[in-house]
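Structure record follows, encoded as structure tokens.
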Amino acid sequence: MSKDPLVIFTPSGKRGRFPVGTPVLTAARQLGVDLDSVCGGRGICSKCQITPSYGDFPKHGVTVAEDALSKWNAVEERYDRVRGLKTGRRLGCQATVQQDVVIDVPPESQVHRQVVRKAASARVIEMDPATRLYYVEVQEPDMHEPTGDLERVEQALAAQWDIPKISTEFSTLARLQPILRKGQWKITVALHKDDQDAVPRLVAAWPGLHEAGIYGLAIDLGSTTVAAHLTNLDTGEVVASSGIMNPQIRFGEDLMSRVSYSMMNPGGDAEMTRAVREAIDTLAKEIAAEAGIDPALILETVFVCNPVMHHLLLGIDPVELGQAPFALATSNAVTLTARDLQLKTLPQAAQIYVLPCIAGHVGADAAAVALSEEPGKSKDLALIVDVGTNAEILLGDTSRVLACSSPTGPAFEGAQISSGQRAAPGAIEAIRIDPETKEPRFRVIGCDKWSDEDGFWTETAATGITGICGSGIIEAVAEMRIAGLLDPSGLIGGPDKTGTDRCQPEGRTFSYLVHDGTAEGGPRITVTQGDIRAIQLAKSALYAGARLLMDTRSVDKVDRVVLAGAFGAHISPLHAMVLGMIPDVPLEKVTSAGNAAGTGARIALCNLGARREIERVVREITKVETAIEPKFQEHFVNANAIPHATDPFPELGKIVNLPDVSFNTGGDDKPGGRRRRKRA
């Protein structure tokens, strides 16, 4: 008795014997091979393309003949004529097994295709979205067998896709009848399934075969900025990224100011909720226009945000987060619809997923960073710092992960800085100060040249030099310390002490002149003593939070530091260490992860299993509450010095010699001096 042909799939290595005439797609499904199909084997979607291999395969113990698969049929010929198939490709739903065969499933034909994320590490994101497309042919209505259109769609899904039951919203149901008739009873439906055992929800439908794709938004809702990635839910490709300022800034620049606004103003929480939802609507409309897609195709959104933003997004008064014990309304993941959030740009049935929070002051954004950077899988002790208005800090390795947040304020993002601005063309993003001449040179966003290079002023004529952004102010303060313009306490010296007229009197203190554009009608850009204090407060809070986690782990140093955040990729590790933002480590051990929270949001958007994973992981993270830890204030005070009052920085000392200067000379009203307190 002859055996059925052996079918071997690569790269999975799965194999099995099937009767002659079995479609390759059927064999793949029975073996659990990752081979996509939207049209249900009708030969019209092209998702199931495969590449048969011929010849001898000693590894597999087979020889594949040229006629191992059936000849091209009319469906494949028509598809190739109209759209074209790559050389050697076949449609898995049309090609049938005739003899032993080795079949390769190319990446674009895999359901869970992998997308390489290059920003922080060579890691893959497995595509397994919660919302997927299904093409079905629906039985036409029959008065002798009365049943509704929705029920017949459900019957078609059961017969053609083995999906026995679905649910839907009324808004989707109301549009179903005309769609069915326009498609002549052939339609594509988008089904959302948020759990293994959940009943899929019908969230959208199109007449005939829908080929324009479906999309999702991964949104990092920060205190100062809102960043979004518009992502193709089939391929994982980010088709557009955009961001806007959070309009809630007008109610308070930091989180506690917004909580206070809610406490002091009846209806203040609803006012802030309305403002941020309108901003998200605007952002969704703009990013769809940028990508050239219809917003109606955005069927899913994932949000990550800190706890205060989490509550204000959901329409929950954040007042409890402003006082101990900092109770969250819920720490679990939240699933709802665009209608629930009153997001008018998106389809009302579009699904919303908000990642779980870790604690009252450690939110879904920190959970997203944990999902992206996976500190719990690190063999060495990693400190991950998501730099922003409210810094999220993770410290961990395979044995344990700790988390806390620190109220750094908006100074790192250019706010509360005299010449500060958001990162935009014309903003100074990098600066160097010559230790000998004390003269600065700088680079602005939109121009690759430094200000002392030929062509710089010509190339920046259109934008001008407009201000200094977050990465620029960090470098400016650190460079002033390296050049001896700033002492360890953070005082700017006068021209007699520093040897440069760029240190100019400003009230009872001094400021450093970076650029004077007043002659051309531009701004005068300086770093003031107030700017230094704002940066000191921000970096001290950041460092103190990291030290608290290190205390909890009983360690005085970490193995590596990862800088995350919207502008984490633009922060110079050297300048961050000179400033004392981060603990002392070898410089090569400081890396950037870019917007790790946004990446975590995108992972959760693209992979349903990742949502279940982070929901599990957050329960295992140890939370440290900076607001009630007595040592936080001690660490904060010591961290005010640049780089630090007590902690040694031996690794930094190997590459930078910080001048031993002091401008705290006392005096009454002299610039640079301080009044000495009289003893009681």
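Sorting the Cα pairs of the chain by distance into bins of 20 Å, from 0 upward, gives 16, 41, 29, 12, 2, 0 percent per bin.
Among the protein heavy atoms, those of SER399 account for about 90 Å² of accessible surface (1.4 Å probe, every chain in place).
Show me the helices of the chain, taken as full DSSP H stretches, that run 30 Å or more along their long axis by Cα and average -1.0 or above in Kyte-Doolittle hydropathy. Span-like helices, by this rule, are 268-291, 529-552. Radius of gyration over Kirkwood radius for the range 375-428, both on Cα atoms: the Rg/Rh ratio is 1.19.
Each Lys and Arg adds +1 at its Cβ and each Asp and Glu adds -1 at its Cβ; summed about the Cα centre, the range 243-363 shows a dipole of about 100 debye. Taking Cβ separations below 4.7 Å as the criterion for a possible disulfide partner, the isolated cysteines in the chain are CYS48, CYS93, CYS305, CYS357, CYS404, CYS447, CYS469, CYS503, CYS606. Going by a ≥ b ≥ c, the root eigenvalues of the Cα gyration tensor, does the range 245-379 fall in the rounded group (a/c under 1.5), the prolate group (a/b larger than b/c) or the oblate group? Since a/c reaches 1.5 but b/c is at least a/b, the shape of the range 245-379 is classed as oblate. If you take the charge dipole of the chain about its Cα centre, with +1 on Lys and Arg Cβ and -1 on Asp and Glu Cβ, which of GLY565, PHE442, VAL319 is farthest toward its positive end? Ranked along the dipole, the leading option is VAL319. As a size descriptor, the averaged projected area of the C-alpha convex hull of the range 482-543 was calculated at 5.1 nm². When DSSP beta bridges are restricted to pairs lying wholly in the chain, around 70% turn out antiparallel.
For the range 550-620 versus the range 433-488, the spacing of their alpha-carbon centroids is 27 Å. I'd like the distance separating the alpha-carbon centroids of the range 228-246 and the range 71-93, in whole Å. The distance from the Cα centre of the range 228-246 to that of the range 71-93 comes to 33 Å. Within the accessible surface of the range 261-315, defined with a 1.4 Å probe on protein heavy atoms only, the carbon and sulfur portion equals 51 percent. Summing charges over neighbours of GLY499, with a neighbour being any other residue whose Cβ is under 13 Å away from its Cβ, gives -2 when K and R count +1 and D and E count -1. Per residue, the accessible area of the chain comes to 43 Å² when a 1.4 Å probe rolls over the protein heavy atoms. Mind checking the range 235-319 for GluC sites (Glu not before Pro) that DSSP puts in a loop (not H, G, I, E or B) and that have at most 16 other Cβ atoms within 10 Å? Here the GluC sites (Glu not before Pro) that fit, given the DSSP loop and packing criteria, are GLU237.
Any idea which of ALA329, THR458, THR591 is furthest toward the positive side of the dipole for the chain, if Lys and Arg beta-carbons carry +1 and Asp and Glu beta-carbons -1? Checking the options against the dipole of the chain, the answer is ALA329. The packing ranking of peptides 192-205, 446-459, highest mean first, is 192-205, 446-459, where packing means the average number of other beta carbon atoms within 10 angstrom of each residue. Computed about the Cα centre, the dipole magnitude for the chain is approximately 520 debye when only Lys and Arg (+1) and Asp and Glu (-1) carry charge, each at its Cβ. Per-residue SASA remark: SER70, around 20 Å² accessible (1.4 Å probe; ligands, DNA and RNA not included).
Each Lys or Arg adds one and each Asp or Glu subtracts one; over the other residues with Cβ under 13 Å from the Cβ of LEU513, this totals -2. Considering only LEU537, LEU85, CYS357, the residue lying farthest towards the positive end of the dipole of the chain is CYS357, judged by Cα position with unit charges set on Cβ. Electrostatic tally near GLY455: other residues with Cβ closer than 12 Å to its Cβ, Lys and Arg +1, Asp and Glu -1, net -4. For the range 617-669, the square roots of the Cα gyration tensor eigenvalues, ordered a ≥ b ≥ c, give a/c of at least 1.5 with a/b no greater than b/c, which places it in the oblate category. Scoring 212-219, 76-83, 134-141 by mean Cβ neighbours within 10 Å over their residues and listing the highest first yields 212-219, 134-141, 76-83.
Extending 7 Å from the Cα toward the beta-carbon at both VAL82 and MET256 defines two label points whose distance is 6.4 nm.
Here the range 243-300 is treated with +1 on each Lys and Arg Cβ and -1 on each Asp and Glu Cβ, and its dipole about the Cα centre works out to around 200 debye. Oblate is the label for the range 151-219, because a/c, from the alpha-carbon gyration tensor with a ≥ b ≥ c as root eigenvalues, is 1.5 or above and a/b does not exceed b/c. Taking every protein chain into account, the 1.4 Å probe leaves ASP294 with about 90 Å² of accessible area, to the nearest ten.
The values are calculated or read from the model by the stated rules, or taken from the named source; none is laboratory data. Quantities reported herein were computed from a predicted structural model and do not represent experimental measurements. Cβ: placed from backbone, ideal geometry, glycine included. Neighbour counts: every protein chain shown. Only protein heavy atoms, including side chains, enter the accessible area calculation; ligands, DNA and RNA are left aside. Shrake-Rupley method; radii C 1.70, N 1.55, O 1.52, S 1.80 Å.
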